[in-house]
Amino acid sequence: MKNILVVGGAGYIGSHMVKMLLAHGYHVVTLDNLSGGYRDAVLGGDFVFGDLADKTCLNYLFKGYQFDGVMHFASFIQVGESVKLPGKYYQNNFANTLNLLDTMVAHGVKNFIFSSTAAIFGEPHYIPVDEAHPKNPINAYGSSKMMVERALQDYDSAHQLKSVCLRYFNAAGADPEGQLGERHLPETHLIPLVLHAAHGKLPQLTIFGQDYDTPDGTCVRDYVHINDLCQAHLLALQQLLAGGNSAVYNLGNGEGFSIRQVIEIARQITGKSIPIVIGERRGGDPARLVADSRLARQQLGWQPQYAELPTIIQHAWQWELTQ
Ligand code: UDP
């Protein structure tokens, strides 16, 4: 049985990944500091409470287990906050990730799957965004992830550490079986906030700017189902375990939806009214982000199962109703 370390396995994407790995017969160890995750979201395997800043803890962990691969989801993710507090993002998302990579090297663990992001591209020069698109992040969140991607090239050259970087566009939705979902505190992502407003937990949804160069003036994003993202991680892991080379893939559905379109679909799915107000632009937001994911389809054999936005919102709503 292959032994996989999932760093950040108690968080939104990590917890769905742990569930999928267990279902595919992997032994899973979750490392999480529970700063943004929940112990009860880890549905199986071993759980270790610890922080990537703690090299002693990492060393201990890698001595105790022989890992075949590492998946890394533990990072701060708020674009707006990263503009205001860049050091927090560089420290955790970049510097602490080096601790993890160095521990892997010290213990001879060679396979690494990295949670990257479309934010590494900044304001796109063309749409859809493929892997060759220039990287020019406009917020510290994106920069911190781009720096890890760059470091991974050097770790491959120097230490033959193989990695797959998966650049998510907008991760959304929830476990189709209803066991897991998005529970960020504070919640800053669009779809859960729209659903909080539909549920009456929020008085209204604030649209951050409607003067963008898009058809209705609101930002356009490519929403991709959490399970489809996890599926891509599983395929990437299998590729590395089979001796594959390092790679990077953009993950999205190739279709952009504006904030107003998301709200309209959510109104239809929930049958609830969703009051909106128009606010200021949020710092660090590109107008449009849509993925070209053909490479992941060709090379990984990735086939999203839940590509339709109404399905993604339906699963998120099913989860929201349990909260
Ligand atoms: N957004 C918004 N109101 C909110 C939360 C988000 O208008 O309460 C916008 C945000 O500015 C961006 C889009 O929704 O244009 C998606 O934001 P999210 O934080 O979900 O993901 P991101 O694109 O930052 O990864």
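The values are calculated or read from the model by the stated rules, or taken from the named source; none is laboratory data. Treat the numbers as computed from the prediction; the structure is a model and nothing was measured. Here the Cβ positions follow ideal geometry from the backbone for every residue, glycine too, while neighbour counts run over all protein chains shown. Calculation scope for accessible area: heavy atoms of the full protein, side chains included, ligands and nucleic acids excluded. Shrake-Rupley method; radii C 1.70, N 1.55, O 1.52, S 1.80 Å.
Pop out the carbon and sulfur fraction of the accessible area of the chain as a percent, whole number, probe 1.4 Å. Don't jump to the answer; show the numbers that get you there.
Working: 6650 of 13300 Å².
Of the solvent-accessible surface of the chain, carbon and sulfur hold 50 percent.
For the range 62-135 and the range 165-218, what is the centre-to-centre distance using only Cα atoms, to the nearest Å?
Comparing the Cα centres of the range 62-135 and the range 165-218, I get a distance of 22 Å.
When the C-alpha atoms of the range 133-251 are aligned to their principal axes, what extent does each axis show, in angstrom, from largest down?
Largest first, the range 133-251 extends 53, 37, 27 Å along its Cα principal axes.
Restricting to the chain, what percent of DSSP beta bridges are antiparallel, rounded to 5? Intermediate values should be presented prior to the final figure.
Values: 2 of 40 bridges.
Taking every DSSP beta bridge with both residues in the chain, the antiparallel ones total about 5 percent.
What order do 288, 282 take when sorted by accessible area (1.4 Å probe), most exposed first?
Numbers: 288 100, 282 75 Å².
Most to least solvent-accessible, the answer reads 288, 282.
Accessible area per residue of the range 137-193 at 1.4 Å probe, in Å²? Please report the intermediate quantities before stating the final value.
Numbers: 2080 Å² over 57 residues.
Dividing the accessible area of the range 137-193 by its residue count gives 37 Å².
Just the accessible area per residue of the range 5-127, please: how many Å² with a 1.4 Å probe? Spell out each step's value before the answer.
Details: 4790 Å² over 123 residues.
Each residue of the range 5-127 exposes 39 Å² on average to a 1.4 Å probe.
Could the peptides 199-211, 172-184 be put in order, highest first, of the mean number of other beta-carbon atoms found within 10 Å of their residues? Mind dumping the intermediate values first?
Values: 199-211: 15.1, 172-184: 19.8.
Highest mean packing first, the order is 172-184, 199-211.
Using every pair of alpha-carbon atoms in the range 1-113, split the distances into 5 Å bins beginning at 0 and state the percent of pairs per bin, rounded to integers.
2, 13, 24, 24, 20, 11, 5, 2, 0
So what's the net charge close to residue 33: Lys and Arg +1, Asp and Glu -1, counting the other residues with Cβ under 13 Å from its Cβ?
Details: positive: 39; negative: 32, 51, 54.
Summing Lys and Arg as +1 and Asp and Glu as -1 gives -2.
What percentage of all Cα-Cα pairs in the range 56-162 are separated by more than 16 Å?
60
Please state the Cα pair-distance histogram of the chain with 10 angstrom bins from zero: what percent is in each bin?
Calculated P(r), rounded to whole percents: 6, 27, 37, 22, 6, 1.
Residue 110: which lysines have alpha carbons under 19 Å from its alpha carbon, excluding same-chain residues fewer than 8 sequence positions away?
Output for residue 110: 2, 55, 63, 162.
For a quick protection proxy, order the peptides 87-96, 110-119 by their average other-Cβ count within 10 Å, most packed first.
In decreasing order of mean packing, 87-96, 110-119 become 110-119, 87-96.
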